[in-house]
Amino acid sequence: MNRILIIFLLIGFYSCGEKQKSEKKAENVEIGKSVSELKDFELLQDFEKNKAEFGTPDTFELNDHSADGGELSVFHDKDFDYIVFDFWLYGETGKLNYTYWTEKNGNMKFKFVKKLNYEYDKPYYEKDYKTDSIIRYLSYSDSKIKLFDINKTEITESELIEKNKSELESFFKDVTKGIEIIK
């Protein structure tokens, strides 16, 4: 009788240990959604959540691109497979903030772009100026480039998509020309 009880106890302990191992494995699979699998708004959320882990960004003054200057902050870290380029340009009647998520492998291939334009009804140094803002998102995650509005609703007007794509790609190319970015 004692032997049977000992056998049942051993089987019970063994099966509990196996169950814990399989639960740990399942937990690792759930947590381990690779950053490379992130796309579109997931990249934006991941960056906002983990911005502190990127540490101090590389910062570049952008004095020759607008009336009141600007700056570029580049966020990169070995644990993330994307680089974030955060541009700010300031002018008398507005400012813009373009944020680009690119692949880390050196070819600067875009993954996602957030475009935020602030427009003032008169120069900022005049009293009581009003601000209007427009937010657009451009996704490169599918074979077809997609444009979204502030509510994350897809915009399907091909001319608007092409206009935003051309503007954002040429802006990036023009402003980063001559800047050596460490990856």
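Pairs from the table (146/177; 95/144; 51/78; 109/165; 109/144; 95/127) lying more than 23 angstrom apart at Cα are 146/177; 95/144.
Would you mind calculating the gained length between residue 81 and residue 151 on full extension (0.36 nm times residue separation, minus the Cα-Cα distance), in nm to one decimal?
Details: separation 70, 0.36 × 70 = 25.20 nm, distance 2.68 nm.
Full extension from residue 81 to residue 151 adds 22.5 nm.
Expressed in nm to one decimal, what extension gain is obtained for the pair residue 132 and residue 181 from 0.36 nm per residue of sequence separation less their Cα-Cα distance?
Working: separation 49, 0.36 × 49 = 17.64 nm, distance 3.26 nm.
Result: 14.4 nm gained on full extension.
Cβ-Cβ distance of residue 97 and residue 37, R₀ of 45 Å, FRET efficiency by 1/(1 + (r/R0)^6): the value works out to about 0.95.
Work out the FRET efficiency for residue 109 and residue 68 from their Cβ-Cβ distance, taking R0 = 35 Å, and round it to the nearest 0.05.
On the way: r = 31 Å, r/R0 = 0.89.
Computed FRET efficiency for residue 109 and residue 68 comes out at 0.65.
Annotation: amide H of residue 155 within the under-5 Å range of 147, 148, 149, sequence separation 5 or more or interchain, hydrogens built in the peptide plane.
Computed from point charges on the beta carbon alone (+1 for Lys and Arg, -1 for Asp and Glu), the dipole magnitude for the stretch 56-183 about its Cα centre is near 420 Debye.
Heavy-atom accessible area per residue, the stretch 33-73, 1.4 Å probe: how many Å²? Kindly include the intermediate steps, with their values, before the conclusion.
Numbers: 2480 Å² over 41 residues.
Accessible surface, normalised per residue, equals 60 Å².
Specify whether the C-alpha gyration tensor of the stretch 83-166 places it in the rounded, prolate or oblate class, a ≥ b ≥ c being the square roots of the eigenvalues: rounded for a/c under 1.5, otherwise prolate if a/b is larger than b/c and oblate if not. Write down the numbers at each step before the final one.
Numbers: a/c = 3.06, a/b = 1.67, b/c = 1.84.
Oblate is the answer for the stretch 83-166, as a/c is 1.5 or above yet b/c matches or exceeds a/b.
Proximity of backbone amide H atoms, modeled 1.01 Å from N, is registered between residue 62 and 70, 71, 72 at under 5 Å, excluding neighbours fewer than 5 places apart on the same chain. If R0 is 35 Å, the Cβ-Cβ spacing of residue 125 and residue 166 corresponds to a FRET efficiency of close to 0.65. 3J(HN,Hα) along the stretch 159-169: 5, 5, 4, 5, 4, 5, 4, 4, 4, 5, 5 Hz, from the Karplus curve 6.51 cos²θ - 1.76 cosθ + 1.60 with θ = phi - 60°, whole Hz, x for Gly and Pro.
Tell me, in nm to one decimal, what length is gained between residue 142 and residue 118 on full extension, where the rule is 0.36 nm per residue of separation less the Cα-Cα distance? Don't skip to the answer; put the middle values down first.
Numbers: separation 24, 0.36 × 24 = 8.64 nm, distance 2.86 nm.
Value of the extension gain: 5.8 nm.
The values are calculated or read from the model by the stated rules, or taken from the named source; none is laboratory data. What you see is a predicted model, and the numbers here were worked out from it, not measured in a lab. Positions of Cβ are backbone-derived with ideal geometry, glycine not excepted, and every protein chain shown enters the neighbour counts. Side chains included, ligands, DNA and RNA excluded: accessible areas come from the protein's heavy atoms. Shrake-Rupley method; radii C 1.70, N 1.55, O 1.52, S 1.80 Å.
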